[in-house]
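The values are calculated or read from the model by the stated rules, or taken from the named source; none is laboratory data. Keep in mind it's a predicted model, so treat the numbers as computed, not measured. As a convention, Cβ positions derive from the backbone with ideal geometry for all residues, glycine included, and neighbour counts pool all protein chains shown. These accessible areas exclude ligands, DNA and RNA; they are computed on the full protein's heavy atoms, side chains included. Shrake-Rupley method; radii C 1.70, N 1.55, O 1.52, S 1.80 Å.
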Amino acid sequence: MKKKILSSVALVATLVLSLVSCTDEYKYDGVGAADAEDVAGVYFPASNKSSLDLEVTDPLTTTFKVARLNTNGALTVPLTVEVNDDNVFQIPASATFADGEAEATVEMPFPNAEIGKTYNFTITVPREYINSYKQVNGSPIYSGSAIRLKWESLGQGYWVDGTLSVFGVAKYPFIISNIEKAELGNEVRYRFVSPFAQPATGREQGTNAFDGLPLNGFTYVAGTNMIVSVKKKAATFLKGDLGCVESQYGALSVGNGESAGSYNENGGFIKFASGTYTLDLANYGTLDPAESIYIFLSKEKYNAYMTTHPNAW
C-alpha cells in the first residue's frame, strides 16, 4: 500500500487554497517601496466561487465580492471584462464601496444561459487600484464558469467498494438509492448520494448489498452527493466526498489517481481500478487502495454482471 503523507501544515493550506480559490495567480512584488497611501488595494477574495453547477430551476444570477485594503472614503472601481462567453454574463461596469466599507457585493445575472453549456468569464481590476506590495487572500483577477444541468433519474444502482481495503475490509456491494444523469455534449455526469453517508441497517435480499456503512467509529453527513464525469469513456471524480467521518482519520473522500477510471457501456458500469483513484483521509493523508471501485448504473446491469461473475466479490 502506497502512503503519501502531507509534509506540512503550510503545504495543506496551499493545496486547499488552490482547490477553492476563484482567482487566478497574481505575482506580488513583496515588501518594498510602499504604494501611495491613497491606493485602494482592490482585489477579488478567494472565497468567491469559481464554478457554478446549477439546477435548471435555480435562479440565473450569482454574486461575487470585491474587497479593498484602504477603506477611507467612498470609492467606485471599474471592472474590466476580459472573457465573457457569448456575452451571457451581465457584468456591471464597476463596484462601489461606501466610506469605511471593506467589501462590496456585485450581482452578475446570466438570464440567457442555455442548459448543458459551460460559460466562462474573467474580470480584472485596473492596475492603478492594485497594491502590489501587500499580499492578500485573493487576486485582482477573477475567473470562473457557470453551467446549467438537467438531471434525469436512472433509478437504483450499486457501488462495489475498494476504498475500505486500506482498513482491511473485504470488497462489498452497497446500494445506491438513485443515480441521476446529465448530458453535456461530449461529457456525461452521474450524481448520487454516497452509499457511505448513512449507517447500515441491513442488506438487500437477493444482492446482499448493504444499505449503508456497516462499520463502527464513524459519523455521517446525510445526503452527501458524489459526481462522476465521463468523457470518451474516461471517468473522473468531480465530487468525491464519501459523507462519513472516521473518529481517528477524519473525513473520507476519493480523488483521482495518476490515470482516469473507465466507463464500460455494454456492462453499464464505471470502474476505478487500483491506481486510478485515491482515498483521502483528512487527518492522515492520501492512500492508494489495492482494490477497485465499481459503480453500476442500474440494478439490471448489476444482476447481469453477477450472473456471469458469481464470485467477483
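Listing for the model above:
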read-out	value
Per residue value of the accessible surface for the range 171-269 (all protein chains in place, 1.4 Å probe), Å²	47
Structure-derived Rg and Dmax of the Cα atoms in Å - corresponding label in (1) 23.3, 75; (2) 24.6, 89; (3) 21.5, 71	(1)
Mean Cβ count within 10 Å, highest first, over the residues of peptides 152-161, 279-288	152-161, 279-288
Most mobile of 224, 236, 96 in a GNM of the chain (Cα contacts under 10 Å)	96
Cross-link partners of residue 233 among aspartates and glutamates (Cα-Cα below 14 Å; sequence separation of 8 or more within a chain)	183, 187, 265
Solvent-accessible surface ranking, highest first, for 297, 215 at 1.4 angstrom	215, 297
With all protein chains modelled, accessible area of residue 115 [1.4 Å, Å²]	90
Segment residue 71-residue 308, length gained on full extension (0.36 nm per residue, minus Cα span)	78.4 nm
At R0 = 35 Å, FRET efficiency that the Cβ-Cβ distance of residue 266 and residue 215 yields, to 0.05	0.55
Residue 225/residue 167 FRET efficiency (R0 30 Å; Cβ-Cβ; nearest 0.05)	0.80
Choice from 170, 146, 234 showing the highest fluctuation, given a GNM over the chain with Cα pairs closer than 10 Å	170
Per-residue HN-Hα couplings for the range 60-76 [Karplus 6.51, -1.76, 1.60; θ = phi - 60°; Hz; x = Gly/Pro]	8, 7, 8, 10, 9, 9, 10, 10, 9, 7, 8, 9, 6, x, 6, 8, 10
Rounded Å value of the spacing that divides the Cα centres of the range 222-282 and the range 158-201	8
Surface per residue (accessible, 1.4 Å probe) for the range 122-164, Å²	36
Summed side-chain charge close to residue 261 - residues other than residue 261 whose Cβ falls under 15 Å, Lys, Arg +1, Asp, Glu -1	0
Gain in span if fully extended, residue 203 to residue 82, counting 0.36 nm per residue against the direct Cα distance	38.1 nm
Sequence-distant residues sharing a close amide H with residue 215 (under 5 Å, placed H)	200
Accessible-area composition of the range 145-221, carbon plus sulfur, in percent [1.4 Å probe]	46
Per-pair calculated FRET efficiency, R0 = 45 Å: residue 135 and residue 234 via Cβ, rounded to 0.05	0.75
